Each structure stands twice: as C-alpha cells, then as structure tokens.
Amino acid sequence: MADDQFPGWHGTTIIGVRKGNEVVIAGDGQVSLGQTVIKGTARKVRRLSPGGYEVVAGFAGSTADAFTLLERLESKLEATPGQLARASVELAKDWRTDKYLQKLEAMLIVTDGDTLLVITGAGDVLEPENDVAAIGSGGNFALAAARGLFETDQDAETIARKAMAIAADICVYTNGKLTVEKIAK
C-alpha cells in the first residue's frame, strides 16, 4: 500500500508540566488507525530507572519506534549517569546520523524531576521556556490549555490533567484515559 493510501497511526497527546518542585508527564490512552480507535488504554508514559537514576518519559508516534528510542535513552543514561541533557543530546545525535534510527517516527518528552526536554528525530533537544511541553496529535491543544492554567495556584498534576481533558474534548485522536507519572526534584 502506498504511503498516501495508508491511513496512518494517530492518537497520542503527551504533556509535561514543571511547577514548584515537581514535574508531571501525562499521556492519553488512545491509539487509532485512520478513523478507527484500535485501543483506548495504551500506556505511553513510562518510568525508567537506569542505574537507579529515575527518569519519566512520554512518547508520541510509532510504539515500536518509541520503545527503540527509550532503550537507546536508557543506555545513554547508563553511560552518563545523572546527566539527562547530555544523554538526550547523544540520543538525538545518534537518531539524526544513524541510517536505521533516521527512519524512526516518534517524539519523546523526558524529565528527571529537574530538567524537562523534548527530543525529536530532527536532532532537536528542546527545553521549554514556559515549563510546559506537549507533543502528539492533541499536543497544541494541551499546550495552550496548560499555559493558560499555569498562572493559577494549581499544582503541576492538576494542570496536566485539566489540559489533557481539554485536548481530549477537542482532538478526536485523544481520549481521557490518562497515564500520569510524577517526579520531584
């Protein structure tokens, strides 16, 4: 089937919110193929513990590709313990230059409770200026909602949950069945 005929996998919204002494990454559970919901309870946010160093990661895109990237990130973290930014840059460099990895279609939001980063296949490792990052089909909706809620007295988890609810109300590829992981500084 030609690429333009394949309906494509959709259905991910991931948000990361850093506020106070905590960072929360939340992801919805919907996976769709074209206009069909394949699964409503996928778990797209994971806790990694390479060498006892805790990291939370959320992914958007192909599941197999994302798991390949998470495994690579874990090995980079084992090689550079406690240095999430360095491990992320090393992963992005490999992703950009390795012919096998270049074909992977996914994005990651990662945090160690201090740093919040978005990692892309274009070689980007981005730290959001406003302590909120979002990726996936409903990412822009969740991002806008979270930024609007950020100046309130609500904590990171509440902001992430409300932003995801707003994204789920707008984006047909996002549902309200969340996986939420919190990590403190």
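The values are calculated or read from the model by the stated rules, or taken from the named source; none is laboratory data. Just so we're clear, the structure is a prediction, and the values are computed from it rather than from any experiment. So basically every Cβ, Gly included, is an ideal-geometry build from the backbone, and we count neighbours across all protein chains shown.
Which one of the conditions (1) under 18 Å from ASN21 (Cβ atoms); (2) in a loop (DSSP other than H, G, I, E, B); (3) without any contact (Cβ under 8 Å) to a residue 12 or more places away in the chain; (4) not hydrophobic (A, V, I, L, M, F, W, C) does THR158 fail to meet, given that it meets all the rest?
Every condition holds for THR158 apart from (2).
Kindly establish whether THR97 is farther than 14 Å from ALA57 by Cβ and among the β-branched types (Val, Ile, Thr).
Judged against the criteria, THR97 is a match.
Would you confirm whether or not the range 45-53 contains a residue that is in a strand (DSSP E or B), in contact with a helix residue (DSSP H, G or I) (Cβ under 8 Å, 6 or more places away or on another chain), within 26 Å of ASP169 (Cα to Cα) and not β-branched (Val, Ile, Thr)?
yes
(1) more than 14 Å from ASP124 (Cβ to Cβ); (2) touching a Leu at 6+ places or on another chain (Cβ under 7 Å): which one isn't true of GLY82, the others all being true?
That leaves (2) as the condition not met.
Just name the residue that is farthest from GLY139 (Cα to Cα) out of those in the range 79-113 that are touching a residue at least 40 places away in the same chain (Cβ under 8 Å), of a type in the set (Val, Ile, Thr) and in contact with a helix residue (DSSP H, G or I) (Cβ under 9 Å, 6 or more places away or on another chain).
Among residues in the range 79-113 that are touching a residue at least 40 places away in the same chain (Cβ under 8 Å), of a type in the set (Val, Ile, Thr) and in contact with a helix residue (DSSP H, G or I) (Cβ under 9 Å, 6 or more places away or on another chain), the one farthest from GLY139 (Cα to Cα) is THR111.
Does the range 100-118 include one or more residues that are in contact with a strand residue (DSSP E or B) (Cβ under 8 Å, 6 or more places away or on another chain), hydroxyl-bearing (Ser, Thr, Tyr) and either modelled with pLDDT under 85 or under 27 Å from PHE150 (Cβ atoms) (or both)?
yes
Go through the range 95-118 residue by residue and tally those that are farther than 14 Å from THR68 by Cα, of a type in the set (S, T, N, Q) and surrounded by fewer than 21 Cβ atoms within 10 Å (Cβ to Cβ).
2
In the list ALA85, ALA146, ALA133, ALA142, which residue meets the criterion of being under 16 Å from the mean Cα position of the chain (by Cα), at pLDDT 95 or above and assigned to a strand (DSSP E or B)?
Matching residue, one of ALA85, ALA146, ALA133, ALA142: ALA133.
Return yes when VAL56 is hydrophobic (A, V, I, L, M, F, W, C), crowded, with 20+ Cβ neighbours inside 10 Å and not in a loop (DSSP other than H, G, I, E, B) and no when it is not.
So VAL56 fits the description; yes.
Quick one: count up the residues across the range 33-48 that are among the small types (Gly, Ala, Ser) and modelled with pLDDT under 90.
1
Considering GLY148, GLY138, GLY176, GLY123, which residue is more than 13 Å from ARG18 (Cβ to Cβ) and buried (at least 19 other Cβ atoms within 10 Å of the Cβ)?
On inspection, the qualifying residue turns out to be GLY138.
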